[in-house]
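The values are calculated or read from the model by the stated rules, or taken from the named source; none is laboratory data. On a predicted model such as this, the values are computed, not experimentally measured, just so you know. Here the Cβ positions follow ideal geometry from the backbone for every residue, glycine too, while neighbour counts run over all protein chains shown.
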Amino acid sequence: MRLLLADDHPMIRAAIEVLLRGTGFELVGMAGTGQATIEEVERLRPDMLLLDLQMPDGSGLDVLRRLKATKSPVRVVMLTAGIDDSDLLEAKSLKVQGIVLKNSDPAFLLDCLASVRDGRSWFDPELARRARQLAGGSARRIPLAPRERQLIGFVRKGLRNREIAEQLGVTEGTVKVYLHAIFEKLGVGNRTELAIRADEFLSGGSAKEE
């Protein structure tokens with residue numbers, strides 16, 4: 001997968017370049033400012049952008065806003081030394097696929113890149129907890145239909161789509177459609193996050209119990 005790295009610190013760029021060697025991620029370019037990042041995305045058309053939050057001439061959020069406005073297909077992972085609450089919520093609203101803290105284990109970055117490459121989202125555990133707290137528990141108050149609660153229960157038990165389809169007497173494709181709708185409704189990125197937070201949703205998602 002072709003990756004563009006945007007960070008204004010040469011040492012960070014050098015360290016990530018070394019980290020990515022032999023991983024299957026091809027580093028096709030680097031940028032050190034927000035404006036240069038936008039130009040390089042347009043020129044190189046990378047599959048993924050590893051984007052620093054704080055850069056001169058346009059922050060990471062500025063870049064995200066521009067990419068969203070132009071409907072760029074590039075997948076974005078944000079790399080940051082720290083992020084305040086408002087920026088964290090905006091980054092999630094702009095559909096960033098991953099956020100990794102610079103002081104975390106380098107393996108976290110590789111895990112994040114692999115997840116985003118495979119179509120899943122990945123957020124540093126500390127930031128994921130903060131985002132849930134900032135949401136004020138609103139997800140738990142979202143009403144859930146009986147079928148939605150049933151599907152969440154199946155995911156919590158670890159059943160795959162084929163097994164869920166057999167339980168419900170529907171096609172596997174129908175299950176995928178159901179689950180995608182639940183992800184969108186609850187604001188979760190993937191079935192792993194749904195499984196982890198299943199008790200939270202089921203305990204407060206609806207007054208009606210199965």
Filter region 162-174 for residues that are among the aliphatic types (A, V, I, L, M) and in contact with a Phe, Trp or Tyr (Cβ under 9 Å, 6 or more places away or on another chain); the one that is nearest to residue 146 (Cα to Cα) is 168
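Does residue 116 satisfy the condition of being touching a Gly at 6+ places or on another chain (Cβ under 6 Å), closer than 27 Å to residue 77 by Cα and at pLDDT 90 or above?
Details: touching a Gly at 6+ places or on another chain (Cβ under 6 Å): yes; closer than 27 Å to residue 77 by Cα: yes; at pLDDT 90 or above: yes.
Yes; evaluated as a whole, the condition is true for this residue.
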Selected residue (only one of 51, 110, 64 is among the aliphatic types (A, V, I, L, M), assigned to a helix (DSSP H, G or I) and touching a Ser or Thr at 6+ places or on another chain (Cβ under 9 Å)) | 110
Across region 179-210, the tally of residues that are within 18 Å of the chain's Cα centre (by Cα), in a helix (DSSP H, G or I) and modelled with pLDDT under 80 stands at 0
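Anything in region 1-15 that is farther than 15 Å from residue 74 by Cβ and surrounded by 20 or more Cβ atoms within 10 Å (Cβ to Cβ)? List them, or say none.
Going residue by residue through region 1-15, those that are farther than 15 Å from residue 74 by Cβ are 7-15.
7 - this is the single residue of region 1-15 that is farther than 15 Å from residue 74 by Cβ and surrounded by 20 or more Cβ atoms within 10 Å (Cβ to Cβ).
Each row is one residue, and each column tells you yes or no for (1) free of Cβ contacts under 8 Å to residues at least 40 places away in the same chain; (2) more than 30 Å from residue 133 (Cβ to Cβ); (3) of a type outside the set (Phe, Trp, Tyr); (4) touching a strand residue (DSSP E or B) at 6+ places or on another chain (Cβ under 9 Å).
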| residue | (1), (2), (3), (4) |
| --- | --- |
| 16 | no, no, yes, yes |
| 46 | no, yes, yes, yes |
| 49 | no, no, yes, yes |
| 55 | no, no, yes, yes |
| 64 | yes, no, yes, yes |
| 75 | no, no, yes, yes |
| 81 | yes, no, yes, yes |
| 91 | yes, no, yes, yes |
| 95 | yes, no, yes, yes |
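Which residues, counting only those in region 16-32, are assigned to a loop (DSSP other than H, G, I, E, B) and either in contact with a Cys (Cβ under 6 Å, 6 or more places away or on another chain) or crowded, with 16+ Cβ neighbours inside 10 Å (or both)? Quick ask: steps written out before the conclusion?
Of all residues in region 16-32, those assigned to a loop (DSSP other than H, G, I, E, B) come to 21-25, 32.
Within region 16-32, 25, 32 qualify.
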Going by the structure shown, is residue 29 of a type outside the set (Val, Ile, Thr) and closer than 23 Å to residue 87 by Cβ?
-> no
Has region 76-98 got any residue that is touching a helix residue (DSSP H, G or I) at 6+ places or on another chain (Cβ under 9 Å), modelled with pLDDT of 90 or more, within 19 Å of residue 30 (Cα to Cα) and in a helix (DSSP H, G or I)?
-> no
Might you let me know whether region 164-177 holds any residue that is over 19 Å from the mean Cα position of the chain (by Cα) and of a type in the set (Ser, Thr, Tyr)?
-> yes
